[in-house]
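**Student:** My questions all concern the structure below.
The values are calculated or read from the model by the stated rules, or taken from the named source; none is laboratory data. Values in this document were obtained by computation on a predicted structure and should not be read as measured data. Just so you know, the surface numbers come from the protein's heavy atoms only, side chains and all, with ligands and any DNA or RNA stripped out. Shrake-Rupley method; radii C 1.70, N 1.55, O 1.52, S 1.80 Å.
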Amino acid sequence: MGEQTVTGPDATPAPEAGVAPESAPAGPASAGMTADGRQPESADVAGAGMTADAVPGAPAGGAPGGPADRTSDVTAGPGGVMTDEVGVVTGELTLRTEHADGRVTLRVQYKDADEWYAVTGGSAPLADPAALDAVHTIAVGLLNRPEG
């Protein structure tokens, strides 16, 4: 190891180049690992996270009709689509994939009806609203079975 310089009767040795002394503050918070192996302090970095409401042009809360949802017409396959409110729905349906509060939720309605029903098991965490298109595409692929 390198030599340390001591100055004055009460002085502590100066650290080697690139190594912070144990009693020294860690300095500014870091987003990664530090060179000395100590855990970085947590930092409150404004704007580092993302919520559904932060999507440009999205209405507050990811309300239906805005960029935080996708809608497609589907034809339910054999056995229909199970919903929380009314059980199985069959035939020509409209599927809506919604993103709000870090969750994605699938809902269906009979085509051109007013009532929407939650698809049983059709809700999951989805931190990145940019993934909404992919989730909707997969849901349409699973639920749209016009030929049975």
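**Student:** Just read off the accessible area of ARG145 with the full protein assembly in place, 1.4 Å probe, to the nearest 10 Å².
**Tutor:** 100
**Student:** Relative to the present Cα-Cα distance, how much length would full extension add between ALA134 and THR71 at 0.36 nm per residue of separation?
**Tutor:** Working: separation 63, 0.36 × 63 = 22.68 nm, distance 1.27 nm.
Taking ALA134 through THR71 to full extension adds about 21.4 nm, to one decimal.
**Student:** Suppose the chain between LYS111 and THR90 were pulled fully straight at 0.36 nm per residue; how much longer would it get relative to their current alpha carbon spacing? Don't jump to the answer; show the numbers that get you there.
**Tutor:** On the way: separation 21, 0.36 × 21 = 7.56 nm, distance 1.05 nm.
Roughly 6.5 nm would be gained on extension.
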